[in-house]
1. Please find, within segment 57-91, the residue that is nearest to Q139 (Cα to Cα) out of those that are modelled with pLDDT of 85 or more and among the polar types (S, T, N, Q).
2. Let me confirm something: among Q174, Q198, which residue is in contact with an Asp or Glu (Cβ under 7 Å, 6 or more places away or on another chain), among the polar types (S, T, N, Q) and at pLDDT below 95?
3. State yes or no: is D87 under 14 Å from the mean Cα position of the chain (by Cα) and part of a helix (DSSP H, G or I)?
4. Could you check how many residues of segment 111-129 are exposed (fewer than 10 other Cβ atoms within 10 Å of the Cβ) and touching a helix residue (DSSP H, G or I) at 6+ places or on another chain (Cβ under 7 Å)?
5. Here is a list: G124, G111, G101. Which entry is on the phi > 0 side of the Ramachandran plot and without any contact (Cβ under 8 Å) to a residue 12 or more places away in the chain?
6. Within segment 123-159, restricting attention to residues that are outside any loop (DSSP other than H, G, I, E, B) and among the small types (G, A, S), which residue is nearest to V106 (Cα to Cα)?
7. Return the residues of segment 164-191 that are free of Cβ contacts under 8 Å to residues at least 12 places away in the same chain and touching a strand residue (DSSP E or B) at 6+ places or on another chain (Cβ under 8 Å); say none if nothing qualifies.
8. From K132, K178, K102, grab the single residue that is closer than 29 Å to S54 by Cα, exposed (fewer than 12 other Cβ atoms within 10 Å of the Cβ) and among the basic types (K, R).
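The values are calculated or read from the model by the stated rules, or taken from the named source; none is laboratory data. Because the structure is predicted, anything quoted here is derived from the model rather than measured. Note that we place each Cβ from the backbone using ideal geometry, even for glycine, and neighbour counts take in every protein chain shown.
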Amino acid sequence: MKSLSLILTLALLGSACSGTHYKDAQDEETINADFGSTDKQRFVKEVVDDLLGSPSLSYYGKPDENGDTRIVAVMGGIANRTSEHIDTRIIADGILQGLLGKMRFVADAQGQNEIGERVRFEQGSGRVDPAKAAAFGKQLGAQVILYGDLASIEKVAGRRLGNLGNRTRDVYYQFVMKCVDTNTAEILWTHEVELRKQQVKSLFGI
């Protein structure tokens, strides 16, 4: 009977702590050692700040016919080489958002597919005024491409008497971004961001 009473009490306490609520997206997120929003935000900020401050790209700022000196870039992919399922598109989109306006961007592979479908429709459907229809062969050429890799090393220390029954999970993340000349393939800039997270679960932790 006492055991049943204890179980019911714990269940009530657990239900009192349950619920869903909104948090500030900029708050530090440390629910566990998995890749999270704070990691993404740190990667994006460091890459954007370092790239904008890099002297390696300064000589690319030659004015075009309209006097615009911004570099024309395209955002490539970010390979996920971790053991986690991480949609690295959110990192790429964050970097593009931070650089847009200071650099000029042409559409990536997804955007090119959308553009291709639209141009083919305007050229071949007969529904668009030929004089005003979009056409192939008028896009800006990208001077540089940005792409990167996200890798991780994970180690787990099991529970034992020496660590009071705690289980420790340690995750190291390495994020490397590169900027490459699309004509010469020369690597113009690269930046590495490192993060290390550690999660400790006690013997009675959930």
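1. Looking at the filtered set, the residue picked out is T69.
2. After applying the criteria, what remains is Q198.
3. No; evaluated as a whole, the condition is false for this residue.
4. 0
5. G101
6. G148
7. E186, I187
8. Details: K132 fails: closer than 29 Å to S54 by Cα; K178 fails: exposed (fewer than 12 other Cβ atoms within 10 Å of the Cβ).
One residue alone meets the criteria, K102.
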